Amino acid sequence: MKFRSAILEYRLQKGNNQFVPIYHYPDIELEQVLARRECEFFVKDGVTFRQLSSAIEDELFVIYVDLYEDGLPEKEKSSIQDISLEVRELNAAKNHPLIATEYVTHHMDVLSIIGSAYTYYHGQEWERDSAEIDEDRKVYVLYVTPTGYKISI
């Protein structure tokens, strides 16, 4: 395998085709880089960034972002060693209700879930809208909408 470990850098758009490095992650697992690239949003220090694109420059993985929303940092969700993934309904009026929380041990598990177009929870089908990595709370979040399809067992 070419990438046993990786380096990740987030770059913020500062004008037309101008990007400045804002966060740098040396020696990050390739699986985590891939899961992060699948996330349309990145939250750190209360700021939400939207992913514009991604690239690879030799051994350096780059995620290009712009400022989406400024806010206050939220507290870390828990101290569980596993990787947390919240599945939330995309519904701002109801504060994006929590549908399920998954705890996994590998970022590939996260990638398998957030990279799917459809997921199934509580006997119904949900369609993927977007995903985010929230570093403030140390959790991935998958936003979904109900399709109306019910699973009959």
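Annotations for the structure displayed:
- Residue that is nearest to ILE28 (Cα to Cα) [pool: residues in the stretch 87-133 that are without any contact (Cβ under 8 Å) to a residue 40 or more places away in the chain and part of a helix (DSSP H, G or I)]: ASP109
- One residue alone among VAL43, VAL33 is in a helix (DSSP H, G or I) and crowded, with 17+ Cβ neighbours inside 10 Å, and that residue is VAL33.
- Conditions (1) assigned to a strand (DSSP E or B); (2) out of contact with any strand residue (DSSP E or B) (no Cβ under 9 Å at 6 or more places or on another chain); number of the one not met by TYR25: (2)
- Qualifying residue in the stretch 89-107 (condition: hydrophobic (A, V, I, L, M, F, W, C) and under 14 Å from the mean Cα position of the chain (by Cα)): no
- HIS107 meets the stated requirement of being at pLDDT 95 or above, of a type outside the set (A, V, I, L, M) and under 19 Å from ARG36 (Cα atoms).
- Scan the stretch 12-49 for residues that are of a type in the set (Lys, Arg) and over 16 Å from ILE114 (Cβ atoms) and the total you get is 2.
The values are calculated or read from the model by the stated rules, or taken from the named source; none is laboratory data. The shown structure was predicted, so the numbers you read here are calculated from the model rather than taken from an experiment. Here the Cβ is made from the backbone with ideal geometry for all residues, glycine too, and neighbour counts use every protein chain on show.
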